[in-house]
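Single-structure report; data block below.
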């Protein structure tokens, strides 16, 4: 039996291969335009891959319909030993009826440990989400679930049903969920938080919740935060709640849930294009001071009406993150001026283990003097190896600014240990 991964980008090559010998199979047809009977050829050939333990199938561009999902599901039933299944099928015409076929076959995969299902933009509604939930709930041995159901229409009820299925997956350690642009509102987010509170074995979690409601209230994100607080074994966490008009109180409620995650090492928070700036009235990110194990931190708060006072509060977080090595901040299109940047720079020099820094400050009001202050602070970061700074479209208030920009740039280059550096004006 062949144990090496076999990859096919041509239908005929796959169909004419030694089908029963395949163990780890990848069929990548993203660049192929399927003929009328090609889907049937693929599924018929799959029926003979009886020794499969891992399958990756990639087809896009509105070529797969519900009838094809019926054929695929029938074929997969002949492969009972599959433990890893990757179905990358975005931008197709699968619809609810197609997902129903998929849900039924998932229920029969007793050995399934890793499922990666990408069915974004496939005209799926609540009925389809329910069928998928039924199948996932039977996969009790799953360790890893990656589900991208973005740009569909599952709604708040759909996500409640779908997320409740996770409660039966007692061994989940990796969970990636993409519900972008599904209008699941506060009820859906609250249900997500409730189910996550029962997923205590998770070590890696990614949630993409971009544009899920025109105005996402603080109650929904508060319940999400409460759910996250129960996932105490998480070491890697990514949350994208951009473009939901979340206010400072809502953001604070969400971040508060991270306070007890003592094992957290890698954190990525995307609050871009919300309304969390509050002139320092709410210290949104202070709970991160308890995350002493953090090594990598990325925060995107661009387009948020963020003021100096907000940035100064955020800067205080760094002083307690003694293990921080990788730091990325996206602060574009806010109300940051000199004093805020100077205080921010002062906090950077206190991160003794910092090795990699990305700082985006385009479209703010910053003087050359403040940039030089930043350069002096970075010079004290003795372990810094890579540096990316972006100040494009910022309003530099000084005269002769071109010469001063060059001076700042050369000052940055004097950082003796920086191996890769880039400064954009």
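The values are calculated or read from the model by the stated rules, or taken from the named source; none is laboratory data. Nothing here was measured: the structure is a model prediction, and the numbers come from that model. No Cβ is skipped: glycine too gets one built from the backbone with ideal geometry, and neighbour counts run over all protein chains shown.
The table below gives the values:
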item	result
Where a residue in the range 154-175 is in contact (Cβ under 8 Å) with a residue 24 or more places away in the chain and at positive phi and its partner, wherever it lies, is in a helix (DSSP H, G or I) and buried (at least 16 other Cβ atoms within 10 Å of the Cβ), with Cβ under 8 Å and at least six apart	155/126; 155/188
Unique residue being within 26 Å of residue 47 (Cβ to Cβ), touching a helix residue (DSSP H, G or I) at 6+ places or on another chain (Cβ under 9 Å) and either in contact (Cβ under 8 Å) with a residue 12 or more places away in the chain or outside any helix (DSSP H, G or I) (or both) when the list is 191, 131	131
Filtered residues of the range 243-255 (kept if over 14 Å from residue 220 (Cβ atoms) and either in contact with a strand residue (DSSP E or B) (Cβ under 6 Å, 6 or more places away or on another chain) or outside any loop (DSSP other than H, G, I, E, B) (or both))	248, 255
Unique match (being touching a residue at least 24 places away in the same chain (Cβ under 8 Å), more than 23 Å from residue 366 (Cβ to Cβ) and surrounded by fewer than 20 Cβ atoms within 10 Å (Cβ to Cβ)) among 265, 275	265
Options 166, 177, 228, 172: the member that is over 22 Å from residue 284 (Cα atoms), outside any strand (DSSP E or B) and modelled with pLDDT of 95 or more	172
Condition check for residue 94: over 21 Å from the mean Cα position of the chain (by Cα) and buried (at least 17 other Cβ atoms within 10 Å of the Cβ)	yes
Residue under evaluation residue 156, criteria (1) buried (at least 18 other Cβ atoms within 10 Å of the Cβ); (2) touching a strand residue (DSSP E or B) at 6+ places or on another chain (Cβ under 7 Å); (3) more than 18 Å from residue 201 (Cα to Cα), criterion not met	(2)
Residue ID - farthest from residue 380 (Cα to Cα), chosen from residues in the range 315-335 that are modelled with pLDDT under 90 and touching a helix residue (DSSP H, G or I) at 6+ places or on another chain (Cβ under 8 Å)	335
Matching entry among 235, 286, 242 (being within 21 Å of residue 311 (Cβ to Cβ) and either within 20 Å of the chain's Cα centre (by Cα) or surrounded by 19 or more Cβ atoms within 10 Å (Cβ to Cβ) (or both))	242
